Structure formats: C-alpha cells, structure tokens
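Each remark here refers to the structure printed beneath this line.
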Amino acid sequence: LLPDDPGLGTDSQWMRCWPMEQTATAGAPVRLSVQITGHGAHTIRIAPRLPWEAACRPVQTAVTTGLTSGSVLVGSDDMPADQWLHFDLRLPEGQAGEFRIPFDCWLDERYLGSYLVCTVRVLPG
C-alpha cells in the first residue's frame, strides 16, 4: 500500500504548513511555507490553490508574484530529510475575508490530493 517507506503512511505530519493561520491586509505580500519530511527518496511537488474568487465559484488562481508552485527532492543520500518550499504571494486588492488555501501535492508525479490547508484572514486595505 505504501511506495517504499512506511513513514509515508504512518507519519501524519510529513508535510506541514507554516504558519497555519495568518492575518494580512488586502494587497499585501504574504509567505506561505510548507515543510516536508522525507521518507524514502522522492520528488515532491506542491502548489497552493488560491481561492481569491467568490466562494461559490470553482477555485481560480489569482495573479501572484513569486513562486506559485515548487518541487523538492527529499530523502536521498545527498539531500537532507527535511526541506522547505516557500510561496511568496500578493493578496488581491479589494477582497477581504477568511480564505482557506489548499495545497495540491504530487509524489513522484502521482497526485496525492490537497489535504494540507492553511488559513489567511484578509483585512480591508
């Protein structure tokens, strides 16, 4: 059931957001960070889905600056087991509210879903 290392199935915190919650002003830059603990040698790709559009519509990607997705190799002999991916985003102007941002994840090009989520509270600018 597991690709190679039981840690992928037993370590529920092998991928974590930091911070899990943050507050910022509309139009301000924010950094979303994901820490990944490697179990076996894998390429892991992460991409946040940015729900800045109306909550009743499907999630759409907003205009961003900086990284909007990234990948990292973890768990090989020459790479440390823990790696960070940082996503620098600019919040949209004129939209306030609380947004839950899911992170889509691929392990060696296999889609794992978007079970990792952080929350950004956007205050009016």
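The values are calculated or read from the model by the stated rules, or taken from the named source; none is laboratory data. The shown structure was predicted, so the numbers you read here are calculated from the model rather than taken from an experiment. When we count neighbours, we look across all protein chains shown, and the Cβ atoms used for this are built from the backbone with ideal geometry, even at glycine. Accessible surface areas use protein heavy atoms only, side chains included; no ligands, DNA or RNA. Shrake-Rupley method; radii C 1.70, N 1.55, O 1.52, S 1.80 Å.
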Residues (loosely packed, with under 11 Cβ neighbours inside 10 Å and either at pLDDT 85 or above or over 21 Å from Glu21 (Cβ atoms) (or both)) located in segment 53-77:
Ala54, Cys56, Arg57, Pro58, Val63, Thr65, Asp77
Counting only residues that are outside any strand (DSSP E or B) and farther than 14 Å from Gln22 by Cα, how many does segment 78-125 have?
12
The correct count of residues that are assigned to a loop (DSSP other than H, G, I, E, B) and open to solvent by 40 Å² or more (accessible area, probe 1.4 Å) in segment 35-52 is 2
Scanning segment 1-34 residue by residue, the ones that are modelled with pLDDT of 80 or more and open to solvent by less than 40 Å² (accessible area, probe 1.4 Å) total 13
